[in-house]
Amino acid sequence: MGISIGLLEQILINRELFINKKVLSISVQYPPPLKKIDQLNKCMGNFLSNEEIHSLKKSTNSNFSIILFKEILKVEKFESVDISNEEGADYVFDLNKEYDDQNNNLNNKYDFVIEGGTMEHLSNNQQYLKNVFNFLKTDGYFFCSTPSSGYAEHGLYQFSPTFISDLYFKNKEIIKLTFLG
């Protein structure tokens, strides 16, 4: 999966929150087009230093997440979970199923869960979201980028903004929606 330019923008806007935190990525995240990173940085007032831009431009699909999260955002720990180890995930697990925490101890471990386009590919979204929120510590953040209605021929589902806002509204005691776009 790939981090969209919009998700990258939200991550960078909140970059101070990531310092010394633990991050779990749902699948290995690929970079957005490098030209878009340059455009985003210019629009944000050069939020990234020249050195950081240079590091991202040198990144590959396999090390983009490490450069972004470990080197630029200075997270304490960055790990990934995926249905297979094909792309080098740290943990292999089918998120359609209930996560059994006996072996890896992922529950309540992460300050952030980053999702760059997985939810629409899963058949059991209720279980997926339960797993994601179980991975998060209390007061953790779920950064999710999933296609909205009208994104034809991609995934099993397309989520309307109403679904996302209703999900958060129905769980407002435990979830805070900070951005929907």
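Suppose the filter is crowded, with 16+ Cβ neighbours inside 10 Å and assigned to a strand (DSSP E or B); does Val75 pass it?
Details: crowded, with 16+ Cβ neighbours inside 10 Å: yes; assigned to a strand (DSSP E or B): no.
No; evaluated as a whole, the condition is false for this residue.
Looking at Asn105, Asn131 in this structure, which one is outside any strand (DSSP E or B) and without any contact (Cβ under 8 Å) to a residue 12 or more places away in the chain? Before the answer, list the steps.
Values: Asn131 fails: without any contact (Cβ under 8 Å) to a residue 12 or more places away in the chain.
Among Asn105, Asn131, only Asn105 is outside any strand (DSSP E or B) and without any contact (Cβ under 8 Å) to a residue 12 or more places away in the chain.
Asp139 - would you say it is at positive phi and either among the acidic types (Asp, Glu) or not in a loop (DSSP other than H, G, I, E, B) (or both)? Criteria met by Asp139. Can you find a residue that is at pLDDT below 90 and among the polar types (S, T, N, Q) anywhere in the range 6-24? No, the range 6-24 contains no residue that is at pLDDT below 90 and among the polar types (S, T, N, Q). Within the range 85-102, the set of residues being open to solvent by 40 Å² or more (accessible area, probe 1.4 Å), in a loop (DSSP other than H, G, I, E, B) and touching a Ser or Thr at 6+ places or on another chain (Cβ under 9 Å) comprises Glu87, Gly88, Asp90. Candidates are the residues of the range 117-128 that are in contact (Cβ under 8 Å) with a residue 24 or more places away in the chain and open to solvent by 10 Å² or more (accessible area, probe 1.4 Å); the one that is nearest to Glu98 (Cα to Cα) is Gln127.
The values are calculated or read from the model by the stated rules, or taken from the named source; none is laboratory data. Computed from a predicted structure; not experimentally measured. With ideal geometry, Cβ positions are generated from the backbone for all residues, glycine too; neighbour counts draw on all protein chains shown. Protein only, heavy atoms only, side chains kept; ligands, DNA and RNA dropped before computing areas. Shrake-Rupley method; radii C 1.70, N 1.55, O 1.52, S 1.80 Å.
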